[in-house]
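Engineer: Structure in structure tokens, see below.
The values are calculated or read from the model by the stated rules, or taken from the named source; none is laboratory data. The shown structure was predicted, so the numbers you read here are calculated from the model rather than taken from an experiment. With ideal geometry, Cβ positions are generated from the backbone for all residues, glycine too; neighbour counts draw on all protein chains shown.
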Amino acid sequence: MQPNLIQQEEYINHLLKNIPREKQPEVLKEAYKNALDTRKFEIDLYWRRATYFWAFIAAIFVATYSMLNSNFLLNEKDPSITILKKMLIISIVLLGYLFSLGWYFVNRGSKVWQKNWETHIDLLENTLNGPLFKTLIKPNLNFWSLNSYYPFSVSKVNQFLSLCVTIFWVLLMNILIIFLFNLQKEFCCWMLSILITSFTLFLFGFIFYKQTVSFMHKHWKKGSAYKNPTYININ
């Protein structure tokens, strides 16, 4: 079932479709207020989630570093215990990868809802108080003026960092498996490295695919809880 799609010019008419004329100004003001409050709430949630993931990822990194930089793997006479300890380190690194991957996806998901409410504000403000949020100071585009402001997207920087941290854990996992198990000169180390990288890419793609299918199923399926919502074409 295809979603309902409207153009930006149709937005106000769509919003007031079933509203009596005398109540329309009040409805628009309330919609604008709700959009502002919800956008503020989404931004607050975005940075709370970022702090939550940063804390967990930092703790996992400290745990990994502490085990590698201590006597955790030394003075162990039982080879099976040594292998278990090495597997524990790899498991913690894998946990770091999973948290980083989750952080990356959460960043992208949060941005959807920020953009959603920013679009509502953008389309409502002209009717109510003029183009306030569309009137900006002229940005400084001199990147090399290092003590001046520059129009970076803060959320995109955070998203890029989360992707870099995810890649870091994948590389660290490959390196640790090769060196902890002394596979530097073995052909199987390359196969293992390829296998690990393939697994992480598969996990990335699987989560991305499942979330996309889930979104389409939840929003477009006839009789769903969302009752086939209307989408604004912003392209």
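Engineer: How many of the residues making up the stretch 51-106 are touching a Lys or Arg at 6+ places or on another chain (Cβ under 9 Å), surrounded by fewer than 16 Cβ atoms within 10 Å (Cβ to Cβ) and not charged (D, E, K, R)?
Structural biologist: Step one: list which residues in the stretch 51-106 are touching a Lys or Arg at 6+ places or on another chain (Cβ under 9 Å), which gives 67, 72-73, 76, 103, 106.
Next cut, surrounded by fewer than 16 Cβ atoms within 10 Å (Cβ to Cβ) only: 72-73, 76.
Those left that are additionally not charged (D, E, K, R): 72-73.
Number satisfying all stated conditions: 2.
Engineer: Output the residue which, of all residues in the stretch 19-54 that are of a type in the set (A, V, I, L, M) and more than 29 Å from Gly102 (Cα to Cα), is nearest to the chain's Cα centre (by Cα).
Structural biologist: Ala31
Engineer: Residues in the stretch 132-142: is at least one of a type outside the set (A, V, I, L, M), surrounded by fewer than 16 Cβ atoms within 10 Å (Cβ to Cβ) and either in contact (Cβ under 8 Å) with a residue 40 or more places away in the chain or part of a helix (DSSP H, G or I) (or both)?
Structural biologist: Looking only at the stretch 132-142, we keep the residues that are of a type outside the set (A, V, I, L, M), and these are 133-135, 138-140, 142.
Still in the list and also surrounded by fewer than 16 Cβ atoms within 10 Å (Cβ to Cβ): 133-135, 138-140, 142.
This time we only want the ones that are either in contact (Cβ under 8 Å) with a residue 40 or more places away in the chain or part of a helix (DSSP H, G or I) (or both), so: none.
Within the stretch 132-142, none of the residues are of a type outside the set (A, V, I, L, M), surrounded by fewer than 16 Cβ atoms within 10 Å (Cβ to Cβ) and either in contact (Cβ under 8 Å) with a residue 40 or more places away in the chain or part of a helix (DSSP H, G or I) (or both).
Engineer: Moving on to the next point. Does Leu161 count as at pLDDT 80 or above and surrounded by 10 or more Cβ atoms within 10 Å (Cβ to Cβ)? Even if it seems obvious, please write down each step before you answer.
Structural biologist: Working: at pLDDT 80 or above: yes; surrounded by 10 or more Cβ atoms within 10 Å (Cβ to Cβ): yes.
The answer is yes for Leu161.
Engineer: Tell me, which residue of the stretch 144-158 that is among the polar types (S, T, N, Q) and in a helix (DSSP H, G or I) is nearest to Tyr104 (Cα to Cα)? Walk me through how you get there before you give the answer.
Structural biologist: First, the residues of the stretch 144-158 that are among the polar types (S, T, N, Q): 145, 147-148, 153, 155, 158.
Adding the requirement that they be in a helix (DSSP H, G or I) leaves 155, 158.
Numbers: Ser155: 11, Asn158: 9 Å.
The extreme case among them is Asn158.
Engineer: Continuing with this model, one more query. Looking only at residues that are over 12 Å from the mean Cα position of the chain (by Cα) and charged (D, E, K, R) in the stretch 88-141, which one is nearest to Glu9 (Cα to Cα)?
Structural biologist: Asp122
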